[in-house]
Amino acid sequence: MAKVNLPLQFKVALALFIFVTYIILPGGAVKRETFKTCEQSGFCKRNRDLADKTSVLGKSWSCPYELQPDSLTFEDGILSGTLRKIDSSGEYIRFPITISFYTSGEARIVIDEERRMRGLIELRHGSKANKKRYDEAWKWATVGSLELSKSSTFDASQPRMGFSQVEYGPNNMFRAILHHSPFEVEIQKGDQTHIHLNSRGLLNLEHWRPKESGRSSSEDDTTWWEETFDRHTDSKPRGPESVAMDINFPGYGHVFRIPEHADVHSTLGLSVSRQCE
C-alpha cells in the first residue's frame, strides 16, 4: 500500500476540526437553565444577602455569635465549649463547639446545634430523616496526622481579657486565639496570624425553628421550608440548616484547596461568583 503524505495545512485543519467537535460543541450543548444560580438557591441567596447587609452596615455590624468563656474545658488537646446566639425572637440558641489540636499543627473546629444533636426538633411531612446534621465530613477532609497534641497548653487566665488561647503542635509553635464576643479564631505561628476565621462576622449557622403560619419576622423565610426548581420541589423536612463563614489568609497571595465559593473580599483577589459566574 502506498504511503500518503498529507499536507501540513490539512493536518492542522483536521486537528482543529476534531478539537471543535469533541471539546467546544459539547460545552455549548450544556443546558444552563438546568443549573441553579445563587439567586435561585435559597441558602446561597440568604447568606449572600447577609454578606451584602454587613458590607452596608460596615463597622456598625456585630456578629451575633458569642463564645461562653465559662463553658470552656480543655483536656488532651481538645477544647470544648458553647457558642450562643440570640435569634430574632430573643431566644438563646446554643451551639456546642469542639476544637481538636493535632501534633501536625492542624486544628479541626466542629460546631453543631444543640437542639439537633439531642434530637429535639420536629421533622415535617412525617419524614424519617436523621434529625442530626451531617457530621462525618472530617473523615474525608482532614489531611495529615490525627494524633492529638496532648502536650498543648490552654491559658485559662485570659478570659477576663475577652479571649482564650491554646498553644499546640511541634514544640507548641502554633497558637489559636479564640475571641469571645463576637466569636473569632486566629491561627498564629510565632506572632503572625496566618488564618483568621469570622473576622468579618459572616458566621451563619441556620438553626432549627418550627414553621408558624402568619409569623411576622424581619427575615425572609420564603425558602426556609421548601423551594422548587426545574419542576422538582425540595420539601426540606428539617427546615433551614445552611452554614457559612468568612475565612481570611492575611498576607497570602496564593492558597490551594479552598472552597468553590471563596470570599471576594479576601487578600487573594478572587473574582466574585455573581449571576452566571
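Only the coordinates and a few stated rules stand behind these numbers; no lab work does. This is a predicted model, so every value here is computed, not measured. As a convention, Cβ positions derive from the backbone with ideal geometry for all residues, glycine included, and neighbour counts pool all protein chains shown.
Placing +1 on the Cβ of every Lys and Arg and -1 on the Cβ of every Asp and Glu, with no other charges, gives the range 144-243 a dipole of roughly 300 debye about its Cα centre. With both labels modelled 7 Å from their Cα along Cα-to-Cβ, the Thr73 to Asn172 distance reads 2.2 nm. Put simply, when 109-117, 189-197 are sorted by average Cβ atoms within 10 angstrom per residue, most first, you get 109-117, 189-197.
Normalised by the number of residues in the range 155-213, the mean separation of alpha-carbon contacts (under 8 Å, six or more apart) gives a relative contact order of 19 percent.
Ranking Gly119, Ile93, Ala107 by Cα position along the charge dipole of the range 85-135, where only Lys, Arg, Asp and Glu carry charges on their C-beta atoms, puts Gly119 farthest toward the positive end.
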